[in-house]
Amino acid sequence: MSLWADKYRPHALQKVDYHQDQAKHLINLVNQGDFPHLLFYGPNGAGKKTRILALLRTLYGPGVERLRTEHMNFMTPSNKKFEIMTVASNYHIEVNASDAGMYDRIVVMELIKTVAQTHQLDSNKQRHFKVILLTEVDRLTKEAQQALRRTMEKYMATCRIILCANSIAQVIPAIRSRCLAIRVPAPTHEDITSILKIICKKEGLMLPDELSLIISQNCERNLRRAILMLEASKVKQYPFDINQSVVVPDWQLYISDTAKQILSQQTPGKLLEVRSMLYELIVHGIPTNVIFKFLLKELVKNCDMSLKHDIVEISSYYEHSLLKGNKTMFHLEAFVAKFMLLYSKFMEESLNGIF
Amino acid sequence: MDYLDPEEEFEMMHADELELMNEMETDFEKDVPKIFTPKDSKRSLNFSSQENDLSEQYLNSSSELHGVSPLSQTSVVSFNLDDKDDNIENETQQIVTQSNDNKRPFCEQELFGNIDDIDFEVEELEPVLKRQKVVEQLSDKEIKQQDLIKQIIEERQKFKSRKRTNFLSSILYNSSNDTHSYQGISRSVPSWSFFPATDDENQRVYIRFKSEDAVENEISSLSWHTKSVQLLSDPIDELIARAYEKIENNEVMRSGLNENGVNINQNIIDNTAELWVQKYKPNRYLDLLSDESTNRILLHWLKLWDKVVFNKEVSKKRKNTSDVHGNIFGNKFNKKNQTLDEELDENKCPKYKLALLCGPPGLGKTTLAHLVARQAGYNVVEMNASDDRNPTTFKIKLEAATQMSSVISNDSRPNCLVIDEIDGAPVASIDFLIKFATEKHVDRKKKSKTVEKALVLKRPIICICNDVYVPALRNLKLTAFVLNFPPTSSVRLAERLMEISSYENIKTDMGTMTALSTKTNNDIRSCLSTLSCFKNQPINLLHIKNSNIGSKDMQKGLFTVWQEIFQIKKSCYENNPTSTSDGFSSHNSVMKDRINSVLKSVQSYGDYEKLSQGVFENCLNLNNKDSSLSNIAEGLEWFCNFDKTTRVINTSQNYSLYPYLPYNFATWHCLYATFAWPKITYPSAAYEATVKKNKYKHIMDELMTGIIPNIRTFLHRDQILLDSMPLIMHIIIPNLRSISIQLFTQKEKDDLAKVINIMIDYGLNFIQERDTDGSFNFVLHPCIDEVVKFPGLETIPVSSYPTKQLISREIELENLRKRMPPAELNYTNEMIDQFNENENNVSTSKSIKGAQKKQVTPNHLQRLIPKTVGSTKVGSFKATKKKDFFGREIDSPVVSKHRDFQDEIVKSDVWFHFKEGYSNAVRKLVLMNDLY
């Protein structure tokens, strides 16, 4: 674990760098020896998993950190076998049920039943419950979530479920009400800069304030990305320079390139070029919401204020329609075409206004 | 003799009639034409014994009939009439037939090559026409003929009445015919070869020698005779009457209708139960409606078989001529790309043993195959989907059809197998067919000495299918001569329809018929069926347009449908008669037509997903020039709509929404269609994208499994893809000089160690691979750099080859080191224990603590070690123990631990030591006072 992002991860709730009040609450919660089902939610890189693991550690001790990967086999009603990779310790098991796609319901049902029906061997030494950690709950299908709601209550005696999600908008209210929801907000820019400085200090490096500021502004308030960026920058050039360019992920650059293409010319031919670029993004597995978000960000930068409102509206419209549809390409391109139309119309009008 | 059997009686009756006919013919200057068509009627085996008696009497007439047998359709009639009474008749007949046989293919060949000759050939071969011509020539003798007919009728009546009276006394009747002497016996010395004999009156009788052939011929002629008797089940006068009727009709037709010089010779038989399709089936080559070049090529292919199937000498000549004509054809049809390889293999068979006719239904493929085969002198054996076609039956049938000929009937024509609807046949059968057709070729080569003629396929096989792209036909396509059937020209079809409608008293005009033929997509069958709905009533354009009869669900090809979506048909505008009167309404109606046609073709195709993908990928390419962005944006909006609808249909299985999907295509048609010819490409982008996406997904999966669980638990897929990997690619580039690892500075060593640790954590490694050009290269494995890298962006730095090599080696070493019994595991165990103590800081822990202080060794670690005598010895032992062979110090904690405990006296009550199976392994301290 020599990547800084892993190396300087706090392992105890007492040692977290930000949201300390929340950490105190969590410590209180665990010190009673028991806790309700939990639902952690917050953006990527905010520290949900770190907090969950720290919580488990205070609960079970460092044995929680002796993890192993396990492959669990499931069978669909149509006799199709599939495999899910889990990460488990003696005390908990972590599953990303959305890996199973449309069969996530089976995973949720089977997993909870098998785990929950076995009691801990010596319950006086250990806790009397195991923990099931379900990640990416917001990606679960409605059926899987429905399957979850009853089993959560039924097996309360033998297991606790910790859910982890990016947003609870996709989680059905029945589950939300059964869990204690804990929001882990993204760290503020100040938090990030201070953490970066701490890391540099521990590594014995000199980090200029300006650079840490630039990194914190470029990292989307994603702490993991911030630390990785810092490390990448360090590898790139060590004695840090104030106007040193920070390393940005390739896909981000590619999206901004796409946006540039869109803004440069608004013709069907250009649209065709943009299409191939969008295909490239999709092929690389960049989530569509990320594509929409960054594309919009880049496009809006170059737009007149009066246009911004419309563009945000159409992008949200098409992102929504994308979620209702199946073929991402149709919706992405429809958005681009619509933007081109609006933009070219606006440019024409403004040109007419000048002359 | 018993004449009670009505059938025999009937035969007798007609035989008599024939005889009478013959007599009359001689009376009437022998110029009355033979009037019967050599139809293929049912052949019966009704060759009963009593007819032997009559055979001699029938001989004359029957031989005549034989002359006009279907095989030799040339005009032998006059020849027959001339030497009617000759005794050599049989032989000559034989010769004639033979010569005809020989002559026929040759002359056809000539004709075949020469395009001008086709007419003649066909006329000659067409019995109906021939008859007609002859009758025409004789039209001035009509009165005579009328007399003849009357006389025949009278005679017939007379005969019938006489026969009725003599119904039972048939012997009398028989003897009355006895006057007709048999020419095989003569009392004077004959000119032919004879065998002298003496009869019971002691008179010299010369009996004729007959060659076996002649006898056979006689027999065969007899069998033919029985057939002819059946053929004449229609009374002769009726036939003549019909002939006259026909002549009249022809005249009417000629005066009234004859357009474009196309002769139509349809039988105008009164309303029968026949289907129109059957009724107006083309009876000769010229009647065929299908594309001329296709017909010609199939005929040509069939002619190539002549060499094997028919006489060899003829085929010799044929070959030369065929080459010449082949060249002509080559020139002529080169542009059509349907040239026929005329090469003959060593068996004198054409290169392609099979012909595969393919095309949509209703173009006349089956008709063509039958007609052409008949024309080329074959007996058509058909096999279609209604027959059982499993491999075994198929095999039997195939062999029967190609290697045998009919024995019972005297029809000596060779078989031509027509396998209809082959696209429905099982694959095994088709494979067998291919093997049957091709493998013989190889066999022949092997067994060239032992000529096994039975093995060689020597009969042409014509296969017919609708859909040539059926998987089962894939192999067949390679071996067979594939002939794509082009659609019939609607003008030609319309002309034919006009003629038919005039026969059927349907008043109509050319435009209507053209509309009908276009409506049915030039399907002749459905045209006729539609037409038969309007029997005996006038129809016009409106009828056709408004009726929903006749249009069928034609499934078009994918590209045709796309083309229809992207192209505005000019005909839509041209055909609209109201376009000049009112601009707006006409535009409306044109739009309506366009939309309807698009809807129809899209609905008939059915696979909306694929269609929409094609439209999506082509719409931008095609509209590069003249379409506005707003159109495109709107169209894309409809794509979203389409996508959402399909999603709803698929997820909720709510198929009531399904009918709305084609309207999306109508919109796209309105938005994107142009007059220009669309250059449509097959939509592959989406498929390629999914393939690539899956590939990257697999790489990601591989990566995920490689990451050590302690890190993996904090990451999920998107985070790895979006944050970790792109940045790690920048981080795992150590800044190293390309020198030996021993010479590295401490910083470089640290860098390297760090990179190696990161790569191990994330399960990455460099693997040596050979490039396509043969040079070695180290490739990241799992090749996550592929996933992270984007085209056109070269931001990710790449380490040099030696660096990669170094890293790779170090990773291997590190992995090996990790696989060694991990000492650190003990360490973590102790950590856990300690943690537990701290956590469970309750009363129970006290005792443990106390025990810990005393350093109690667990039982399993205890060893019985002999007590050392002196402390100095122990020290020396320690010193030796700590050094190994090379004198290096070994730091083993286990040993030291034992050393700590070796002096300790065992404190526990019970312990055990392995003593090689002795029962005293378990020991317990027992005090003496416990025993008392």
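The values are calculated or read from the model by the stated rules, or taken from the named source; none is laboratory data. A quick note: this is a predicted structure, and the numbers were derived from the prediction, not measured. Don't worry about glycine lacking a Cβ; one is built from the backbone with ideal geometry, like all the others, and counts go over all protein chains shown.
Annotations for the structure displayed:
- As a summary of the residue check, A:L281 satisfies the conditions (1) away from chain B (no Cβ under 13 Å); (2) closer than 21 Å to B:D718 by Cβ except for the one numbered (1).
- Taken over the range B:777-801, the residue count meeting the criterion of being closer than 19 Å to B:S738 by Cα and within 14 Å of chain A (Cβ to nearest Cβ) is 3.
- Tabulated pairs, the range B:502-521, first touching a residue at least 60 places away in the same chain (Cβ under 8 Å) and surrounded by 17 or more Cβ atoms within 10 Å (Cβ to Cβ), second in a loop (DSSP other than H, G, I, E, B) and not basic (K, R), C-beta under 6 angstrom, 6+ apart or interchain: B:T520/B:G550; B:N521/B:M554
- Per this entry, B:I462 is counted among residues that are of a type outside the set (F, W, Y), closer than 19 Å to B:G362 by Cα and at pLDDT 80 or above.
- Check on B:D771, over 13 Å from B:E810 (Cβ atoms) and within 8 Å of another protein chain (Cβ to nearest Cβ): no
- Qualifying residue in the range B:354-371 (condition: at pLDDT 75 or above and polar (S, T, N, Q)): yes
- Within the range A:34-55, the set of residues being in a helix (DSSP H, G or I) and either under 18 Å from the mean Cα position of the chain (by Cα) or closer than 25 Å to A:A174 by Cα (or both) comprises A:K48, A:K49, A:T50, A:R51, A:I52, A:L53, A:L55.
- In the range B:449-459, the residues that are at pLDDT 75 or above and over 19 Å from B:D306 (Cα atoms): none
- The range B:621-714 holds helices (runs of 4 or more DSSP H) entirely within its bounds, and those carrying 1 or more residues that are within 12 Å of chain A (Cβ to nearest Cβ) and farther than 24 Å from A:L332 by Cβ map to B:685-706, B:709-712.
A quick yes/no check of all residues on (1) among the polar types (S, T, N, Q); (2) at pLDDT below 80; (3) under 18 Å from B:W305 (Cα atoms); (4) surrounded by 15 or more Cβ atoms within 10 Å (Cβ to Cβ):
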site	(1), (2), (3), (4)
B:R374	no, no, yes, yes
B:V380	no, no, yes, yes
B:F394	no, no, no, yes
B:S406	yes, yes, no, no
B:S429	yes, no, no, yes
B:K447	no, yes, no, no
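- Test for A:K236: is it of a type in the set (K, R), farther than 20 Å from A:Y8 by Cα and either facing another protein chain (nearest Cβ under 10 Å) or surrounded by 20 or more Cβ atoms within 10 Å (Cβ to Cβ) (or both): yes
- The condition of being at pLDDT 85 or above, under 37 Å from the mean Cα position of the chain (by Cα) and of a type in the set (S, T, N, Q) holds for only one of B:N650, B:N641, that being B:N650.
- Looking only at residues in the range A:199-226 that are within 11 Å of chain B (Cβ to nearest Cβ) and touching a helix residue (DSSP H, G or I) at 6+ places or on another chain (Cβ under 7 Å), the one that is surrounded by the most Cβ atoms within 10 Å (Cβ to Cβ) is A:A226.
- The range B:715-744, subset touching a residue at least 12 places away in the same chain (Cβ under 8 Å) and part of a loop (DSSP other than H, G, I, E, B), residue farthest from the other protein chains (Cβ to nearest Cβ): B:S738
- Residues of the range A:91-114 that turn out to be more than 14 Å from chain B (Cβ to nearest Cβ) and without any contact (Cβ under 8 Å) to a residue 24 or more places away in the chain, as a count: 1
- Residues that are of a type in the set (V, I, T) and away from every other protein chain (no Cβ under 13 Å) within the range A:239-253 comprise just one, A:I242.
- Screening B:S579, B:S630 for residues that are at pLDDT 80 or above, small (G, A, S) and more than 39 Å from the chain's Cα centre (by Cα) leaves exactly one candidate, B:S630.
- B:V691 meets each of the listed conditions (1) β-branched (V, I, T); (2) closer than 23 Å to A:S321 by Cα; (3) not assigned by TED's automatic domain parsing to the domain that holds B:K600 apart from (2).
- Among the candidates B:K754, B:K747, B:K818, B:K804, residue that is more than 14 Å from every other protein chain (Cβ to nearest Cβ) and either assigned to a helix (DSSP H, G or I) or surrounded by fewer than 13 Cβ atoms within 10 Å (Cβ to Cβ) (or both): B:K804
- Residue in the range A:56-81 that is farthest from the other protein chains (Cβ to nearest Cβ), counting only those that are within 25 Å of the chain's Cα centre (by Cα) and outside any helix (DSSP H, G or I): A:M72
- Residue in the range B:703-711 that is surrounded by fewer than 18 Cβ atoms within 10 Å (Cβ to Cβ) and among the aliphatic types (A, V, I, L, M) present: yes
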